[in-house]
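**Student:** Have a look at this one.
The values are calculated or read from the model by the stated rules, or taken from the named source; none is laboratory data. Please read these numbers as outputs of a predicted model, since none were measured by experiment. Because the Cβ atoms are built from the backbone with ideal geometry, glycine has one as well, and the counts that use them run over all protein chains shown.
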């Protein structure tokens, strides 16, 4: 019988509150926040704390590096107490996150706190891709995003840079690529909504909305898949970008011909 290892963020056996911390501390000042960690599993859970830097690539994937390695890092200003949590089944404890902002701090900084399980758990039964029965060892790893924004920095704005028709990407889907940039000064969450309207009849297709999160200055490409086979005609593809309170709705449109 094979033995596999798996890592899951936000696993069901652990409850974390909050999953993101937003400090608003001025240069030269300190601040403290607390994270509640609950063991909802039936076994003992031992978690070690570690900080890392991160950013998102052009597709929105998180890329990690060592603490203090990025120019927008605040990892070296942060202290975590305790460094290790030992949680009995059903137990809840707090982790203290202390931030000391230097005088020369950049206006917006970020890092990631990882809580990683270091003790072994009882394997769970599973089946691999070949159909074999396997034992799976699941190790919990949770990432908590840590931000600091200097008071007075609050410009929130997102913009479309491009909306391109990439044509067929499979036999059943046609792809549009929307390029979005965070032109504001703070990390921003946004919702994207999509629809495709036949220009003669007015019939339209709506796709499920998607949520993105972008750091200041970042650009991201979002791929949107519409059906490859539709009634012949000209269609208007519409993408709506909603950055929430304090922002205007942004709309990008592209005419597409189905022959």
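**Student:** What's the number of the condition residue 251 fails, among (1) buried (at least 16 other Cβ atoms within 10 Å of the Cβ); (2) more than 21 Å from the chain's Cα centre (by Cα)?
**Tutor:** (1)
**Student:** While we're here: Of the residues in the range 208-245, how many are assigned to a loop (DSSP other than H, G, I, E, B) and surrounded by 12 or more Cβ atoms within 10 Å (Cβ to Cβ)? Talk me through it step by step, then tell me what you get.
**Tutor:** Filtering the range 208-245 down to residues assigned to a loop (DSSP other than H, G, I, E, B) leaves 215-218, 228-232, 243-245.
Right, trim to surrounded by 12 or more Cβ atoms within 10 Å (Cβ to Cβ) and you get 215-218, 228, 230, 243.
Within the range 208-245, residues that are assigned to a loop (DSSP other than H, G, I, E, B) and surrounded by 12 or more Cβ atoms within 10 Å (Cβ to Cβ) number 7.
**Student:** Mind checking which residues of the range 145-162 are surrounded by 17 or more Cβ atoms within 10 Å (Cβ to Cβ) and assigned to a strand (DSSP E or B)? Write out each step before concluding.
**Tutor:** Narrowing the range 145-162 to residues surrounded by 17 or more Cβ atoms within 10 Å (Cβ to Cβ): 145-150, 156-158.
If the condition is that a residue be surrounded by 17 or more Cβ atoms within 10 Å (Cβ to Cβ) and assigned to a strand (DSSP E or B), then 145, 146, 147, 148, 149, 158 are the ones that fit.
**Student:** Do we find a residue being modelled with pLDDT of 95 or more, farther than 30 Å from residue 123 by Cβ, within 22 Å of the chain's Cα centre (by Cα) and outside any strand (DSSP E or B) anywhere in the range 6-19?
**Tutor:** yes
**Student:** In addition: In this structure, is residue 86 over 28 Å from residue 222 (Cα atoms) and modelled with pLDDT under 95? Step through it out loud before you land on a result.
**Tutor:** Details: over 28 Å from residue 222 (Cα atoms): yes; modelled with pLDDT under 95: no.
Spelling it out, it is not the case that residue 86 is over 28 Å from residue 222 (Cα atoms) and modelled with pLDDT under 95.
**Student:** Next question, about the same structure. Scanning the range 107-153 for residues that are out of contact with any strand residue (DSSP E or B) (no Cβ under 8 Å at 6 or more places or on another chain) and without any contact (Cβ under 8 Å) to a residue 40 or more places away in the chain, which turns out nearest to residue 217 (Cα to Cα)?
**Tutor:** Taking the range 107-153 as the starting set, the residues that turn out to be out of contact with any strand residue (DSSP E or B) (no Cβ under 8 Å at 6 or more places or on another chain) are 122, 129-131, 151-152.
Cutting the leftovers down to without any contact (Cβ under 8 Å) to a residue 40 or more places away in the chain gives us 129-131, 152.
Values: 129: 41, 130: 44, 131: 46, 152: 18 Å.
My answer is 152.
**Student:** Further question on the same structure: Do we have residue 165 as outside any strand (DSSP E or B) and at negative phi here?
**Tutor:** On the way: outside any strand (DSSP E or B): no; at negative phi: yes.
No; evaluated as a whole, the condition is false for this residue.
**Student:** Within the range 187-195, is even one residue without any contact (Cβ under 8 Å) to a residue 40 or more places away in the chain, under 26 Å from residue 62 (Cα atoms) and not assigned by TED's automatic domain parsing to the domain that holds residue 59?
**Tutor:** Step one: list which residues in the range 187-195 are without any contact (Cβ under 8 Å) to a residue 40 or more places away in the chain, which gives none.
No; the residues of the range 187-195 include none that is without any contact (Cβ under 8 Å) to a residue 40 or more places away in the chain, under 26 Å from residue 62 (Cα atoms) and not assigned by TED's automatic domain parsing to the domain that holds residue 59.
**Student:** While we're on this one: Can you tell me which residues in the range 168-191 are assigned to a strand (DSSP E or B) and surrounded by fewer than 18 Cβ atoms within 10 Å (Cβ to Cβ)? If you could, list the steps in order and put the result at the bottom.
**Tutor:** First pass over the range 168-191, keeping only residues assigned to a strand (DSSP E or B): 168, 173-182, 188-191.
Of everything in the range 168-191, those that are assigned to a strand (DSSP E or B) and surrounded by fewer than 18 Cβ atoms within 10 Å (Cβ to Cβ) turn out to be 168, 173, 175, 177, 179, 181, 189, 191.
**Student:** Every residue in the range 65-75 that is exposed (fewer than 14 other Cβ atoms within 10 Å of the Cβ) and either out of contact with any strand residue (DSSP E or B) (no Cβ under 6 Å at 6 or more places or on another chain) or assigned to a strand (DSSP E or B) (or both), please.
**Tutor:** To start, the set of residues in the range 65-75 that are exposed (fewer than 14 other Cβ atoms within 10 Å of the Cβ) comprises 65-66, 69, 71.
The answer is 65, 66, 71.
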